Amino acid sequence: MAVLNQRTPTPKLLPRHGRISHKPLLPPRLFHCSATAPPKNRRLNSKTLILNPVTSRPPVINDPSLKSTWTHRAWVTGGCSTVLISLAKSISASADSHIWVQPILAGLFGYVMADLGSGIYHWGIDNYGGAETPVFGAQIDAFQGHHKWPWTITRRQFANNLHALAKVVTFIVLPINLLTNDPVLLGFVGMCSGCIMFSQQFHAWAHMTKSRLPPMVVKLQDGGVLVSRLQHAEHHRAPYNNNYCIVSGVWNEVLDGLSFFEALEMVIYFKFGVRPRSWTEPNSDWTEDPETTTFVS
(Lines give C-alpha, C1' and ligand atoms only; values in the text may rest on other atoms or scores of the structure.)
Protein backbone atom coordinates (compact mmCIF):
# COMPACT_ATOMS: atom_id res chain seq x y z
CA MET A 1 0.00 0.00 0.00
CA ALA A 2 1.37 3.37 -0.93
CA VAL A 3 1.85 5.80 1.88
CA LEU A 4 1.09 9.38 1.07
CA ASN A 5 3.24 12.00 2.62
CA GLN A 6 1.10 14.42 4.65
CA ARG A 7 2.46 17.92 4.63
CA THR A 8 1.50 20.59 7.08
CA PRO A 9 0.07 23.55 5.16
CA THR A 10 2.28 26.55 4.89
CA PRO A 11 1.19 29.27 7.27
CA LYS A 12 -0.55 32.11 5.53
CA LEU A 13 0.15 35.64 6.49
CA LEU A 14 -2.98 37.74 6.79
CA PRO A 15 -3.23 41.40 7.60
CA ARG A 16 -4.95 42.25 10.88
CA HIS A 17 -5.40 45.81 11.97
CA GLY A 18 -2.37 46.87 10.07
CA ARG A 19 -0.19 44.13 11.52
CA ILE A 20 1.05 40.88 10.09
CA SER A 21 -0.27 37.75 11.85
CA HIS A 22 2.17 34.86 12.00
CA LYS A 23 -0.43 32.42 13.42
CA PRO A 24 -0.73 29.46 11.02
CA LEU A 25 -4.17 28.52 9.81
CA LEU A 26 -4.34 24.81 10.44
CA PRO A 27 -7.02 22.53 9.10
CA PRO A 28 -9.87 21.84 11.50
CA ARG A 29 -9.44 18.89 13.76
CA LEU A 30 -12.09 16.67 15.28
CA PHE A 31 -12.32 16.36 19.02
CA HIS A 32 -14.03 13.34 20.48
CA CYS A 33 -15.81 13.57 23.81
CA SER A 34 -15.98 10.85 26.38
CA ALA A 35 -18.60 8.22 25.79
CA THR A 36 -20.08 8.96 29.20
CA ALA A 37 -23.12 11.16 28.86
CA PRO A 38 -23.67 13.96 31.34
CA PRO A 39 -25.91 12.93 34.22
CA LYS A 40 -29.53 13.76 33.85
CA ASN A 41 -31.43 15.62 36.50
CA ARG A 42 -32.49 13.15 39.12
CA ARG A 43 -36.03 13.04 40.30
CA LEU A 44 -36.39 13.55 44.02
CA ASN A 45 -37.50 10.41 45.75
CA SER A 46 -40.11 10.32 48.42
CA LYS A 47 -37.52 10.54 51.18
CA THR A 48 -35.86 13.69 49.93
CA LEU A 49 -36.56 16.66 52.13
CA ILE A 50 -36.82 20.17 50.79
CA LEU A 51 -36.51 22.43 53.79
CA ASN A 52 -38.59 25.55 53.72
CA PRO A 53 -36.31 28.45 54.54
CA VAL A 54 -37.40 30.88 57.17
CA THR A 55 -39.08 33.70 55.28
CA SER A 56 -39.54 36.06 58.20
CA ARG A 57 -37.79 39.39 57.82
CA PRO A 58 -35.68 40.88 60.60
CA PRO A 59 -37.91 43.11 62.71
CA VAL A 60 -37.38 46.83 62.83
CA ILE A 61 -38.02 49.42 65.49
CA ASN A 62 -41.76 50.11 65.87
CA ASP A 63 -42.53 47.25 63.49
CA PRO A 64 -46.33 47.24 63.04
CA SER A 65 -46.32 43.44 63.01
CA LEU A 66 -45.37 43.48 66.70
CA LYS A 67 -48.19 45.78 67.76
CA SER A 68 -51.71 44.82 68.84
CA THR A 69 -54.71 45.70 66.74
CA TRP A 70 -58.32 46.01 67.83
CA THR A 71 -58.99 42.66 66.17
CA HIS A 72 -56.26 41.07 68.27
CA ARG A 73 -57.73 42.61 71.43
CA ALA A 74 -61.22 41.41 70.51
CA TRP A 75 -60.05 37.80 70.12
CA VAL A 76 -58.09 37.88 73.37
CA THR A 77 -61.15 39.30 75.14
CA GLY A 78 -63.26 36.51 73.67
CA GLY A 79 -60.76 33.84 74.66
CA CYS A 80 -60.42 35.14 78.22
CA SER A 81 -64.22 35.36 78.54
CA THR A 82 -64.79 31.76 77.49
CA VAL A 83 -62.09 30.54 79.90
CA LEU A 84 -63.52 32.55 82.80
CA ILE A 85 -67.03 31.28 82.03
CA SER A 86 -65.77 27.69 82.15
CA LEU A 87 -64.11 28.22 85.51
CA ALA A 88 -67.06 30.16 86.92
CA LYS A 89 -69.53 27.46 85.86
CA SER A 90 -67.26 24.80 87.35
CA ILE A 91 -67.10 26.63 90.69
CA SER A 92 -70.84 27.27 90.69
CA ALA A 93 -71.70 23.65 89.87
CA SER A 94 -69.23 22.43 92.50
CA ALA A 95 -70.89 24.61 95.14
CA ASP A 96 -74.34 23.32 94.18
CA SER A 97 -73.27 19.67 94.24
CA HIS A 98 -70.81 20.04 97.13
CA ILE A 99 -68.14 18.36 95.00
CA TRP A 100 -64.79 20.09 95.23
CA VAL A 101 -62.00 17.52 95.07
CA GLN A 102 -62.76 16.19 91.58
CA PRO A 103 -62.99 19.63 89.88
CA ILE A 104 -59.78 20.77 91.58
CA LEU A 105 -57.96 17.63 90.48
CA ALA A 106 -59.38 18.06 86.98
CA GLY A 107 -58.04 21.61 86.91
CA LEU A 108 -54.59 20.45 87.99
CA PHE A 109 -54.71 17.73 85.34
CA GLY A 110 -55.65 20.35 82.76
CA TYR A 111 -52.66 22.46 83.79
CA VAL A 112 -50.31 19.49 83.40
CA MET A 113 -51.80 18.46 80.06
CA ALA A 114 -51.56 22.02 78.75
CA ASP A 115 -47.79 21.84 79.22
CA LEU A 116 -47.68 18.57 77.30
CA GLY A 117 -49.87 19.99 74.54
CA SER A 118 -47.73 23.09 74.22
CA GLY A 119 -44.63 20.92 73.80
CA ILE A 120 -46.14 18.71 71.09
CA TYR A 121 -47.46 21.71 69.18
CA HIS A 122 -44.17 23.59 69.55
CA TRP A 123 -42.22 20.57 68.34
CA GLY A 124 -44.49 20.14 65.30
CA ILE A 125 -44.32 23.70 64.02
CA ASP A 126 -40.60 24.00 64.78
CA ASN A 127 -39.78 20.99 62.61
CA TYR A 128 -42.34 20.62 59.84
CA GLY A 129 -43.91 22.82 57.21
CA GLY A 130 -43.29 26.42 56.31
CA ALA A 131 -44.95 29.73 55.58
CA GLU A 132 -46.97 28.19 52.72
CA THR A 133 -48.47 25.42 54.87
CA PRO A 134 -52.28 25.73 54.94
CA VAL A 135 -53.89 26.93 58.19
CA PHE A 136 -50.70 26.79 60.28
CA GLY A 137 -48.36 28.62 57.88
CA ALA A 138 -48.24 31.92 59.76
CA GLN A 139 -47.61 30.20 63.10
CA ILE A 140 -44.93 27.95 61.59
CA ASP A 141 -43.14 30.88 59.99
CA ALA A 142 -43.29 32.86 63.22
CA PHE A 143 -41.98 30.03 65.41
CA GLN A 144 -39.21 29.04 63.00
CA GLY A 145 -38.20 32.68 62.62
CA HIS A 146 -38.26 32.91 66.42
CA HIS A 147 -35.09 30.81 66.52
CA LYS A 148 -33.25 33.47 64.54
CA TRP A 149 -34.69 36.43 66.43
CA PRO A 150 -35.89 34.97 69.77
CA TRP A 151 -35.84 38.31 71.56
CA THR A 152 -38.61 39.73 69.32
CA ILE A 153 -41.23 37.91 71.39
CA THR A 154 -40.40 40.27 74.24
CA ARG A 155 -41.24 43.22 71.96
CA ARG A 156 -44.66 41.90 70.94
CA GLN A 157 -47.59 43.56 72.58
CA PHE A 158 -49.81 41.40 74.76
CA ALA A 159 -52.80 40.89 72.44
CA ASN A 160 -50.54 40.53 69.40
CA ASN A 161 -48.78 37.64 71.11
CA LEU A 162 -51.92 35.84 72.30
CA HIS A 163 -54.60 36.46 69.67
CA ALA A 164 -53.96 33.37 67.49
CA LEU A 165 -54.38 30.95 70.40
CA ALA A 166 -57.23 33.01 71.83
CA LYS A 167 -59.15 32.56 68.59
CA VAL A 168 -58.77 28.77 68.75
CA VAL A 169 -59.76 28.70 72.43
CA THR A 170 -62.89 30.76 71.72
CA PHE A 171 -64.12 28.44 68.98
CA ILE A 172 -63.45 25.25 70.98
CA VAL A 173 -64.42 26.26 74.52
CA LEU A 174 -67.56 28.31 73.80
CA PRO A 175 -69.61 25.31 72.57
CA ILE A 176 -68.47 23.27 75.60
CA ASN A 177 -69.67 26.03 77.91
CA LEU A 178 -73.07 25.97 76.22
CA LEU A 179 -73.48 22.19 76.22
CA THR A 180 -72.47 21.11 79.72
CA ASN A 181 -72.63 22.03 83.39
CA ASP A 182 -70.33 19.25 84.55
CA PRO A 183 -67.98 20.87 87.11
CA VAL A 184 -65.23 18.32 86.52
CA LEU A 185 -65.20 18.71 82.74
CA LEU A 186 -65.47 22.49 82.96
CA GLY A 187 -62.66 22.62 85.51
CA PHE A 188 -60.39 20.68 83.18
CA VAL A 189 -61.39 22.65 80.06
CA GLY A 190 -61.09 26.03 81.76
CA MET A 191 -57.64 25.42 83.23
CA CYS A 192 -56.22 23.59 80.20
CA SER A 193 -57.46 26.09 77.62
CA GLY A 194 -56.43 29.06 79.77
CA CYS A 195 -52.88 27.76 80.17
CA ILE A 196 -52.62 27.00 76.46
CA MET A 197 -53.86 30.47 75.52
CA PHE A 198 -51.41 32.17 77.90
CA SER A 199 -48.52 29.85 77.01
CA GLN A 200 -47.19 32.43 74.59
CA GLN A 201 -47.03 34.97 77.41
CA PHE A 202 -45.23 32.42 79.62
CA HIS A 203 -42.92 31.89 76.64
CA ALA A 204 -42.24 35.63 76.37
CA TRP A 205 -41.47 35.85 80.09
CA ALA A 206 -38.95 33.02 79.66
CA HIS A 207 -36.99 35.29 77.30
CA MET A 208 -36.89 38.27 79.66
CA THR A 209 -34.34 39.10 82.32
CA LYS A 210 -35.36 39.13 85.97
CA SER A 211 -35.12 42.90 86.11
CA ARG A 212 -37.86 43.23 83.48
CA LEU A 213 -40.25 40.73 85.08
CA PRO A 214 -42.82 41.30 87.82
CA PRO A 215 -41.56 39.79 91.11
CA MET A 216 -44.49 37.34 91.21
CA VAL A 217 -43.58 35.97 87.78
CA VAL A 218 -39.98 35.45 88.90
CA LYS A 219 -41.21 33.50 91.95
CA LEU A 220 -43.50 31.35 89.80
CA GLN A 221 -40.63 30.61 87.41
CA ASP A 222 -38.24 29.78 90.21
CA GLY A 223 -40.89 27.55 91.81
CA GLY A 224 -41.46 25.60 88.59
CA VAL A 225 -45.05 26.78 88.16
CA LEU A 226 -44.09 28.60 84.94
CA VAL A 227 -41.35 27.59 82.52
CA SER A 228 -38.07 29.04 83.72
CA ARG A 229 -35.67 31.20 81.75
CA LEU A 230 -32.80 28.75 82.28
CA GLN A 231 -34.80 25.75 81.11
CA HIS A 232 -36.13 27.42 77.98
CA ALA A 233 -32.68 28.78 77.12
CA GLU A 234 -31.63 25.18 76.45
CA HIS A 235 -34.18 25.03 73.64
CA HIS A 236 -32.34 27.83 71.83
CA ARG A 237 -28.99 26.04 71.86
CA ALA A 238 -27.81 23.39 69.39
CA PRO A 239 -29.11 20.84 68.54
CA TYR A 240 -32.44 22.68 69.07
CA ASN A 241 -34.40 19.48 69.70
CA ASN A 242 -35.35 19.58 73.38
CA ASN A 243 -37.27 21.55 76.03
CA TYR A 244 -40.26 22.23 73.78
CA CYS A 245 -42.87 22.61 76.55
CA ILE A 246 -43.57 26.25 77.45
CA VAL A 247 -46.28 26.30 80.14
CA SER A 248 -44.53 24.93 83.22
CA GLY A 249 -41.82 22.87 81.53
CA VAL A 250 -42.63 19.96 83.84
CA TRP A 251 -42.80 17.57 80.87
CA ASN A 252 -39.47 18.57 79.33
CA GLU A 253 -37.24 16.33 81.40
CA VAL A 254 -39.63 13.39 80.99
CA LEU A 255 -40.05 13.72 77.22
CA ASP A 256 -36.38 14.39 76.56
CA GLY A 257 -35.34 11.53 78.84
CA LEU A 258 -37.59 9.13 76.94
CA SER A 259 -36.50 10.51 73.53
CA PHE A 260 -40.21 10.95 72.88
CA PHE A 261 -39.87 13.44 70.04
CA GLU A 262 -37.01 11.53 68.44
CA ALA A 263 -39.27 8.47 68.33
CA LEU A 264 -42.07 10.50 66.72
CA GLU A 265 -39.63 11.84 64.15
CA MET A 266 -38.52 8.34 63.24
CA VAL A 267 -42.13 7.20 62.83
CA ILE A 268 -42.90 10.15 60.56
CA TYR A 269 -39.71 9.63 58.57
CA PHE A 270 -40.28 5.92 57.92
CA LYS A 271 -44.00 6.42 57.26
CA PHE A 272 -43.89 9.55 55.10
CA GLY A 273 -40.22 10.05 54.26
CA VAL A 274 -40.07 13.52 55.79
CA ARG A 275 -37.13 14.64 57.90
CA PRO A 276 -37.56 17.18 60.71
CA ARG A 277 -35.58 20.40 60.61
CA SER A 278 -33.75 19.37 63.79
CA TRP A 279 -31.98 16.59 61.85
CA THR A 280 -30.12 19.09 59.70
CA GLU A 281 -26.98 20.89 60.68
CA PRO A 282 -27.83 24.27 62.24
CA ASN A 283 -27.65 26.98 59.58
CA SER A 284 -28.34 30.68 59.40
CA ASP A 285 -32.07 30.03 59.87
CA TRP A 286 -31.37 28.58 63.31
CA THR A 287 -28.48 30.79 64.40
CA GLU A 288 -29.56 33.63 66.62
CA ASP A 289 -28.95 37.18 65.48
CA PRO A 290 -27.97 39.41 68.41
CA GLU A 291 -30.55 42.02 69.30
CA THR A 292 -28.05 44.84 69.12
CA THR A 293 -27.20 44.17 65.49
CA THR A 294 -30.56 43.11 64.13
CA PHE A 295 -33.03 45.47 65.71
CA VAL A 296 -32.40 48.45 63.48
CA SER A 297 -34.63 51.20 62.17
Problem set entry | Accessible surface, 1.4 Å probe, highest first, among residues I268, I85, I104 | I104, I85, I268
Seminar exercise, completed: Order by accessible surface, 1.4 Å probe, largest leading, for residues Y240, Y111 comes to Y111, Y240
Seminar exercise, completed: In whole Hz, the Karplus estimates of ³J(HN,Hα) for the stretch 161-176 (6.51, -1.76, 1.60; θ = phi - 60°; x where Gly or Pro) are 6, 9, 5, 5, 6, 4, 5, 5, 4, 4, 5, 8, 7, 4, x, 5
Problem set entry | Karplus-derived 3J(HN,Hα), 6.51/-1.76/1.60, for each residue of the stretch 122-133, Hz, glycine and proline x | 4, 4, x, 7, 6, 10, 10, x, x, 4, 8, 5
Problem set entry | J(HN,Hα) series, the stretch 267-276, from Karplus relation 6.51 cos²θ - 1.76 cosθ + 1.60, nearest Hz, glycine and proline x | 4, 5, 5, 6, 7, 10, x, 10, 8, x
Seminar exercise, completed: Taking Lys and Arg as +1 and Asp and Glu as -1, residues besides N243 with C-beta under 15 Å from its C-beta add up to -4
Exercise. Using the Cα atoms as the points, what is the convex hull volume per residue of the stretch 89-128 in Å³?
Worked result: 56 Å³
Exercise. What number, in nm² with one decimal, is the all-direction average of the projected area of the convex hull of the alpha-carbon atoms of the stretch 166-284?
Worked result: 10.6 nm²
Exercise. So what's the stretch 59-157 giving for Cα Rg divided by 2.2 N^0.38 Å, two decimals?
Worked result: 1.45
Exercise. Rank D256, D63, D222 by accessible area, highest first, at a 1.4 Å probe radius?
Worked result: D222, D256, D63
For this session: Determine how large the accessible area of S118 is when every protein chain is in place; take a 1.4 Å probe and give Å² rounded to the nearest 10.
Result: 10 Å²
Problem set entry | For q = 0.18, 0.19, 0.28 Å⁻¹, Debye-computed log10 I/I(0) when each Cα of the stretch 129-200 counts as one equal scatterer | -0.81, -0.86, -1.25
For this session: Note down the magnitude of the dipole of the stretch 113-254 about its Cα centre, charges +1 on Lys and Arg C-beta and -1 on Asp and Glu C-beta and zero elsewhere, to the nearest 20 debye.
Result: 540 debye
Problem set entry | Projected-area mean, the stretch 235-280, by convex hull of Cα positions, square nanometres | 3.5 nm²
Problem set entry | Neighbour net charge for A164 - beta-carbon separation under 14 angstrom, K R +1, D E -1 | +2
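The values are calculated or read from the model by the stated rules, or taken from the named source; none is laboratory data. Everything numeric here is computed off the predicted structure, so don't read it as measured data. With ideal geometry, Cβ positions are generated from the backbone for all residues, glycine too; neighbour counts draw on all protein chains shown. Heads up: the accessible areas ignore ligands, DNA and RNA and are worked out on the full protein's heavy atoms, side chains in. Shrake-Rupley method; radii C 1.70, N 1.55, O 1.52, S 1.80 Å.
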